[in-house]
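Please treat every number below as a calculation from the coordinates, not as lab data. Only a predicted model underlies this, so the values are computations on that prediction, with no experimental measurement involved. Glycine gets a Cβ as well: all are built from the backbone with ideal geometry, and neighbour counts include every protein chain shown.
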Amino acid sequence: MCGFAGFFRSPSLPDRQSHDGWLDDMGTAIRHRGPDAGGQWQDERMALVHRRLSILDLSEAGNQPMISASGRYVIVFNGEIYNFEALRAELVAEGCEFHTRTDTEVLLALYERKGEQCLDVLNGMFALAIWDIEDHRLFLARDRLGKKPLYYYFDGQNFAFASEIKALLPLPFVRRDIRPDAVKDFFAYQYVPDPKTIYRNIHKLPPGYWMSTDGLAMEQHQYWDVSFANKRDASPDELAAGLHDLIDDAVRLRMVSDVPLGAFLSGGVDSSAVVGLMAGHSPGRPVTTCSIGFDSERFDEVHWAKKVAGLFQTDHHEFTVRETVSDHLSDIARYFDEPFADPSFVPTYFVSQLARQQVTVALAGDGGDENFAGYSKYATDLTENQLRRLLPAGIRRACLPPLASLAGNIGHSLGARAQSLLGALSLEPDEAFFLTNSFFRRSVWNELVHGDIKQQTDGYDPSDITCDYYRNADSDDHLSRVLYTDIKTYLPGDILVKVDRMSMANSLETRAPLLDYRVVEYAASIPSRLKLKGRDKKHILKQAFNQLLPEDVLYRKKMGFSVPLADWLRNEIRPLADDVFRSDSGGVAYVFNMHKVRNLWAIHCRGDNRYTQELWSMVVFELWWRSYVE
């Protein structure tokens, strides 16, 4: 795992000596992504820097930037190509010679032969930049699901790119103008969805896309998307068996490493299945597993992790999140470069820190929920959609919103749930799914927002992002549309960002077998009724592993990577929150009316949890503001 950055040199920019310093600063900004080695490369048009976390071929021969055998192409690459050995064998049969054992050299040789079509044969997680020395053209690409990040800056004259935004900020021509609609997106989703960032001129290359540019003109193409249109004609038992074998192969591919390797273990179906399969591929050698717990029993899963660890006789390690939250929250949040409010980034950081003490690579169970309908929201949404069909649209739109407003005035969590249900039933399915995914209610936003942000975002609705993906899904099935939407938004914008930044903050590589693109495509071909069967979530996945995992692990209530957020705000991070809400300047004050915000904070401090998520979003927005704006 690595990090890289670069920029186009031009006559209007200072001389090469200045560029050397810029590259030094860019590389230093992402040193945590690759502490083992660093390198730079320049010609008259391009400047590249790379930081390496050595996983395969630990010798210096594997360092980057790497030049092709012909001398025409230079690559900087972040990620792993899991099928590189098979690809290498094919290239050797064609007469290609290799000087390292790295997937980077294989990738470079493939690009020389196939150009952008090389992406079609890659199985892995990656972001890459390849410079054509002869044509002065840059090729950028990102993996199918968006596991590895890739940002670029363009202001009409200057072009730069990097694995993280923080590597772009040292460049003197990079402006930090805030994008108002992205601010509104953040408070709605807890993250800024692709291809936007919080900055006007910094963008994300979307998952499954490649870009080609000469620094001024650019073209983007989508080379992969997941289809839900064609369902497999097979029995449930056959589908489950095929799924088991495919995931087993994905785990096997991800166990190739020249450094110590282990796994995250929560005790849920996804991570437990991954650990069980890993144990099968490492006979006589215990798998190293790591788990995170909380003082609160309501959020603590360590006893389930211990059960699975005992079942597969792993070398198990645990960490309990206590007072360390307040001590480290500001430092942890800074790794995101833009506001990010999924509170599970805190335990993800600590479990990555724990894992890095034992291993350099960790396998994880990410992707099971999005592929196989594992979140509770899917069952809730499906029920809502069934109720929606019972009421004529005119009645829903006319009668339910006033009832939702009345429910919201009850001032109790039951009232909040009733408000959410009635509000969702009044909407069309795509708009209702946005409401399910929104963590900052429209009514609260409209009440609090003020100033330039209010003026500049009037008329903009973040729900358009969700609705566009929902409508573009190639299926008439509601659950398939919902899963497609999450695979295109929540997965790359939240889950994968969280795991990448928190693991890389600890110089740890994470691999997700359930996000092997073959597994994703196979899952999309399974009928929805076998994913969510009644109230049984991930039904087909459980069937696939019913011989590997005990019934109480398969069918226990899902907890997810939840945190005691309301308690944190009132206790562990209360001093920080008080400081944020007391101030009349800063990021929160830039967006919201602070008098009204303080009223919500007072309600929360009295024990009412109605505004927990909104208040938490404000706290982390302020942490980002203090780190990157002030």
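Less than 12 Å apart at the alpha-carbon level, and either on another chain or at least 8 residues along: which aspartates and glutamates does that give for Lys196? Answer for Lys196, where 12 Å is the Cα cut-off: Asp181, Asp185, Glu338, listed by chain and number. Under 5 Å between amide hydrogens, built in the peptide plane, is the criterion, and for Val321 it picks out Gly293, Phe294, Asp295 among residues at least 5 positions away or on other chains.
Whole-Hz Karplus values for region 600-607 come out as 5, 5, 5, 4, 5, 5, 7, x Hz, taken residue by residue from phi with 6.51 cos²θ - 1.76 cosθ + 1.60 and θ = phi - 60°; glycine and proline positions read x. Taking 0.692 mPa s as the viscosity and 37 °C as the temperature, the Stokes-Einstein diffusion coefficient of region 338-472 based on its alpha-carbon Kirkwood radius rounds to 183 µm²/s.
Antiparallel DSSP bridges in the chain: what percent, to the nearest 5? Walk me through the numbers on the way to the answer.
Values: 52 of 69 bridges.
Percentage antiparallel, nearest 5: 75.
Over the C-alpha trace of region 508-630, radius of gyration and Dmax come out as 21.4, 59 angstrom. Taking θ as phi - 60° and the Karplus parameters 6.51, -1.76 and 1.60, the scalar couplings of region 279-293 work out to 4, x, 9, 9, x, x, 9, x, 6, 7, 10, 9, 9, 10, x Hz in sequence order, x denoting glycine and proline. Here's the picture: a label point sits 7 Å out from the Cα of Glu116 along the beta-carbon direction, and within region 126-152 the residues with their amide nitrogen under 13 Å of it are 138-142. The phi-based Karplus calculation (6.51 cos²θ - 1.76 cosθ + 1.60; θ = phi - 60°) puts the 3J(HN,Hα) values of region 116-130 at 5, 5, 4, 4, 5, 9, 7, 10, x, 10, 6, 9, 8, 9, 10 Hz, whole numbers, x for Gly and Pro. Using the alpha carbons alone, the radius of gyration of region 41-199 stands to its Kirkwood radius in an Rg to Rh ratio of 1.00. For a straight C-alpha distance cut-off of 25 angstrom, the lysines reachable from Lys377 (same-chain residues fewer than eight places away being disregarded) are Lys147, Lys184, Lys231, Lys488, Lys498, Lys531, Lys533, Lys537, Lys538, Lys542, Lys557, Lys558. Taking every alpha-carbon pair in region 212-313 and binning the separations at 5 Å intervals from zero gives 2, 10, 15, 14, 13, 11, 11, 10, 6, 4, 3, 0 percent. Near the amide H of Met125, within less than 5 Å, lie the amide hydrogens of Glu80, Tyr82, all on another chain or at least 5 residues away, with H placed in the peptide plane. Considering all different alpha carbon pairs of the chain, the Kirkwood hydrodynamic radius works out to 25.5 Å.
With the Kirkwood sum run over all distinct C-alpha pairs, region 464-579 has a hydrodynamic radius of 17.4 Å.
Other residues within the sphere of radius under 11 Å centred on the Cβ of Trp624, judged by their own Cβ, net out at -2 (K and R +1, D and E -1). Full extension of the chain segment joining Arg137 with Asp579 gains 154.2 nm, where the gain is 0.36 nm per residue of separation less the Cα-Cα distance. Calculated on the alpha-carbon coordinates, the convex hull of region 116-205 measures out at 117 cubic angstrom per residue. Each peptide among 393-400, 382-389 gets the average number of other Cβ atoms lying within 10 Å of its residues, and from highest to lowest they stand as 382-389, 393-400. Close amide-amide hydrogen proximity is noted between Arg9 and Met46, Ala47, each under 5 Å apart and 5 or more residues distant or on a separate chain (H modeled in the peptide plane; Pro and chain starts excluded).
Projected over every direction and averaged, the convex hull enclosing the alpha-carbon atoms of region 397-516 yields 10.9 nm². Normalised Debye scattering of region 316-413 at q = 0.15 Å⁻¹ gives log10 I(q)/I(0) of -0.90, counting only Cα atoms as equal scatterers and leaving out solvent. Shape analysis of region 566-613 yields a ratio of the Cα radius of gyration to the Kirkwood radius, Rg/Rh, of 0.95.
Equivalent-ellipsoid semi-axes for region 127-283 (Cα gyration tensor, √(5λ), whole Å, largest first): 37, 19, 19. Using the empirical formula 2.2 N^0.38 Å as the baseline, the Cα radius of gyration of region 478-534 reaches a ratio of 1.35.
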